[in-house]
Every structure is written in structure tokens, then in C-alpha cells.
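Here the structure is laid out as C-alpha cells; the discussion comes afterwards.
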Amino acid sequence: MSYEHWRHYARGWLFHFFNKTEPAYEAYARAFRHNPQDAQAARHLAAIAAQRLDYQAAEQWFLEVLRITPEDADSHFNLGFVREQMKAPRRAIESFKEAVRLKPVLDRAWYGMGLAHAALGEHAKAAAALREAARLQPMNGHAWYQLGMAYHHSGEPDKVEQVVNKLLEFDPKITRQLIKDSGREDLAPRLPEMPW
């Protein structure tokens, strides 16, 4: 690594530490120009671009990260998230699939994959991914809610009821929302009385 690379990277890190993202971005970009194999600088650039909601730039930087470190499951997840934000669910699914291939316990990638399939109207595929997310994080009420909605849109009322029963064990508020959004008012008597 060259001195110039490390000088710019260190400046970027300091600016980033003090939440000065514009000069941090410029410094990391200079560092990357001096060393196009610096995955960490590319990660910082992608994160800053995503924070600025510049998802196209974030996508390009995550692709650079993956060019250097193709087995980085977390960066595949991050690329999927960025693509989801870009309203590109098919490309997001590709990234999430690669993330879980590399790291099957990455629950947030299963969750993202489920949401992307749901956005495409592929509710059975959404349910399969969300089931895995809920299995990996059994107290994640949002994963269970989305799973219940995937079952609802797939026309599987018995499975919606199973999800409601599971959610009742730990999150009555999200259970109430699932009952309402799925039109399963017949399950409402199971809800406990809530003080609000």
C-alpha cells in the first residue's frame, strides 16, 4: 500500500468519525484511486452513498467491494438492500440469494428476499424466505407479520391463523395489525385486552 493511499484513507476515517461525510467521501475516493483493491474504502463509499440516498452510487461501490471480496455475504446483503431501495426487486433477490448461499444464517437477507418476492407478487416464494427469517429470529415480529401477509396473499388462511397464534405469544400489537391487514377479524377475540 502506498503512502498516498493510507494518507487519504486516514483522512477519510477521521472525517467519517466526526460525521463529516462529504469530505470523508472525497478522501475515501482518493484512497481508492490510489489502491483499487481497497475493499474497506469501497465499503465506506457505498455506506456514505446509501446514507445520502444515492443508491446508484452505492450499488456501484458495493459491486466494487464484491469484485475484490466476492465471498463477502454481508456486502451481498447490502447490495440487495440498495437494489430494493432502487425498486429493483429481481436484482435484489439475486443479491440476497447469494448472501444466504454464503451465509445461510443471515436472517436479514432471508427477510429482504421475502419482501422482494412479495413486491413482485410471488407470495409463495415470499413465504418460503420469510419462514426461514422467522425460524432464525423467532422473536422478530416483523418477519412473522410479513409471513402472515404472504400466507394471506397466497390464500392460505390456516397458515395465517398459525402465524397469529405464534405472534400472540410475544407481540400482541403486531398481531392486531396482522389480523386487521389480513381481514381475519374472526381471530380478533384471541387478542388480549390492551391498555391503549
*Determine whether Leu147 is in contact with a Phe, Trp or Tyr (Cβ under 6 Å, 6 or more places away or on another chain), at pLDDT 95 or above and more than 30 Å from Thr69 (Cα to Cα).*
no
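Which one of these is open to solvent by 30 Å² or more (accessible area, probe 1.4 Å), within 18 Å of the chain's Cα centre (by Cα) and farther than 30 Å from Lys159 by Cα: Leu79, Leu115, Leu66, Leu53? Walk me through how you get there before you give the answer.
On the way: Leu79 fails: open to solvent by 30 Å² or more (accessible area, probe 1.4 Å); Leu115 fails: farther than 30 Å from Lys159 by Cα; Leu66 fails: open to solvent by 30 Å² or more (accessible area, probe 1.4 Å).
Sole residue among the options that is open to solvent by 30 Å² or more (accessible area, probe 1.4 Å), within 18 Å of the chain's Cα centre (by Cα) and farther than 30 Å from Lys159 by Cα: Leu53.
Regarding Lys87, is this residue within 14 Å of the chain's Cα centre (by Cα) and either surrounded by fewer than 18 Cβ atoms within 10 Å (Cβ to Cβ) or more than 30 Å from Ala150 (Cα to Cα) (or both)? Step through it out loud before you land on a result.
Working: within 14 Å of the chain's Cα centre (by Cα): yes; either surrounded by fewer than 18 Cβ atoms within 10 Å (Cβ to Cβ) or more than 30 Å from Ala150 (Cα to Cα) (or both): yes.
Here the answer is yes, as Lys87 does meet what is asked.
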*For the stretch 101-112, enumerate the residues that are assigned to a helix (DSSP H, G or I) and surrounded by fewer than 23 Cβ atoms within 10 Å (Cβ to Cβ).*
Arg101, Leu102, Asp107, Arg108
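The values are calculated or read from the model by the stated rules, or taken from the named source; none is laboratory data. Everything numeric here is computed off the predicted structure, so don't read it as measured data. Cβ: placed from backbone, ideal geometry, glycine included. Neighbour counts: every protein chain shown. Ligands, DNA and RNA are stripped out before the accessible areas are found, and what is left, the full protein with its side chains, is counted by its heavy atoms. Shrake-Rupley method; radii C 1.70, N 1.55, O 1.52, S 1.80 Å.
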